[in-house]
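Since the structure comes first, as structure tokens, the remarks are kept for the end.
Taken together, the values in this text are just the output of simple stated rules run on the coordinates, not laboratory data. Just so it is clear, the model here is predicted, and its values are computed rather than measured. Positions of Cβ are backbone-derived with ideal geometry, glycine not excepted, and every protein chain shown enters the neighbour counts.
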Amino acid sequence: MAAPLVQLTHSFQAPQGGPAGHRPLVRKPSWLKVTAPGGGNYVRIKALMRELGLHTVCEEARCPNIGECWEHKAATFMIMGDVCTRNCAYCAVAHGTPAPYDPVEPVRLAEAVARMGLAHVVITSVDRDDLPNGGAEAFAECVRQIRKRLPATTVEVLIPDFKGSEAALRLVLESRPDILNHNLETCERLYRLARPGGRYDRALQLLANARRLAPDALTKSGIILGMGEEWDEVVTAMRDLRASDVNVLTLGQYLRPSDRHLPIARYYTPGEFGELAAIGRDLGYRHVQASPLTRSSYHAWEQAEAAVGQQPSAIGHRPSAISHQLDG
């Protein structure tokens with residue numbers, strides 16, 4: 001008997017947009033349905049997260065790929081709690097006043113990584129504008145603790161903008177993560193609406209600074225589509241990220257978490273995502289992951305492997321680690 005399907009989006013009247021010959025979809029498209037999670041690895045990982053008091057962005061952001069990724073023993077850890085100091089209009093993570101930071105969390109996270117036997121780890125966080133350096137030290141300590149236990153495991157950090165602090169960025173980079181990711185998320189025109197605590201130019205400068213300070217590390221960013229941007233604005237954002245020397249790009253469909261969040265302006269077809277991927281390759285990205293269900297950490301190990309394959313020295317101290325199988 002087939003597993004039930006999870007309905008992920010609502011229908012909205014879509015405005016005109018997209019490249020010539022493309023019509024936006026009004027009805028909820030069939031490709032935005034996934035199998036409900038519930039396999040053996042999913043159940044075990046969920047239990048482990050609760051046992052160690054850890055959070056994953058997979059759960060907090062209601063990622064549609066949680067079942068697939070957890071079945072492959074891949075998870076994106078969310079550190080520094082589950083309450084964000086910012087209130088982005090597209091994000092499902094709760095906002096408000098966070099609990100005090102737990103300095104033992106990096107040890108628990110590294111223990112989980114070791115028990116799961118991961119070869120590639122993604123670490124992200126809520127925004128913690130209440131902490132000195134935005135919590136950069138927490139990212140660095142997580143990387144160091146993982147290195148102690150699993151020196152061959154590659155580590156990707158998906159960081160906030162640290163309000164543009166280069167000192168905070170240096171703290172993270174000094175721990176030598178293999179991939180540094182900061183998501184641009186949307187076009188410049190929509191930034192104040194979608195990311196009231198962020199700035200478009202600040203995000204681009206952070207990524208450019210990362211490449212300047214750690215030229216051997218891969219940099220990565222992502223854009224979610226369907227919040228009201230025009231096609232040309234997406235391409236402009238892609239160009240701006242390449243101008244900041246970003247190596248890896250992800251593009252996915254925005255899925256409205258609740259009626260309190262921004263409505264879906266339009267659905268992009270798989271074909272349109274394919275066109276954007278081709279544009280990205282022409283712009284010089286080492287790897288572009290683009291599909292309706294793509295998220296920043298979706299198949300992150302494959303994204304890194306593809307990017308490293310084009311330049312074997314990109315991950316300088318462990319170029320072959322990403323090729324390990326995550327499912328055993």
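Descriptive notes on the structure:
- Amide H partners (placed H, <5 Å) of Val155, local residues excluded: Val121, Asp178, Ile179
- Per-residue 3J(HN,Hα) values for the range 266-276, derived from phi via the Karplus relation 6.51 cos²θ - 1.76 cosθ + 1.60 with θ = phi - 60°, read 6, 9, 8, 7, x, x, 5, 4, x, 5, 5 Hz in sequence order (x marks Gly and Pro).
- For the listed peptides 193-204, 159-170, a ranking on the average number of other beta carbons within 10 Å per residue, highest first, reads 159-170, 193-204.
- Scalar couplings 3J(HN,Hα) for the range 93-103, obtained by applying the Karplus form with A = 6.51, B = -1.76, C = 1.60 to θ = phi - 60°, are 5, 5, 10, x, 9, x, 6, x, 5, 9, x Hz; x denotes Gly and Pro.
- Amide H partners (placed H, <5 Å) of Thr124, local residues excluded: Phe77, Met78, Ile79, Leu158
- Amide H contacts under 5 Å for Glu185: Gly222, Ile223, Ile224, restricted to partners 5 or more places along the chain or on a different chain, H placed in the peptide plane at 1.01 Å from N.
- Of His120, His182, the sequence from fewest to most neighbouring Cβ atoms within 10 angstrom is His120, His182.
- Kirkwood Rh (inverse of mean 1/r, distinct Cα pairs), the range 93-168, angstrom: 13.2 Å
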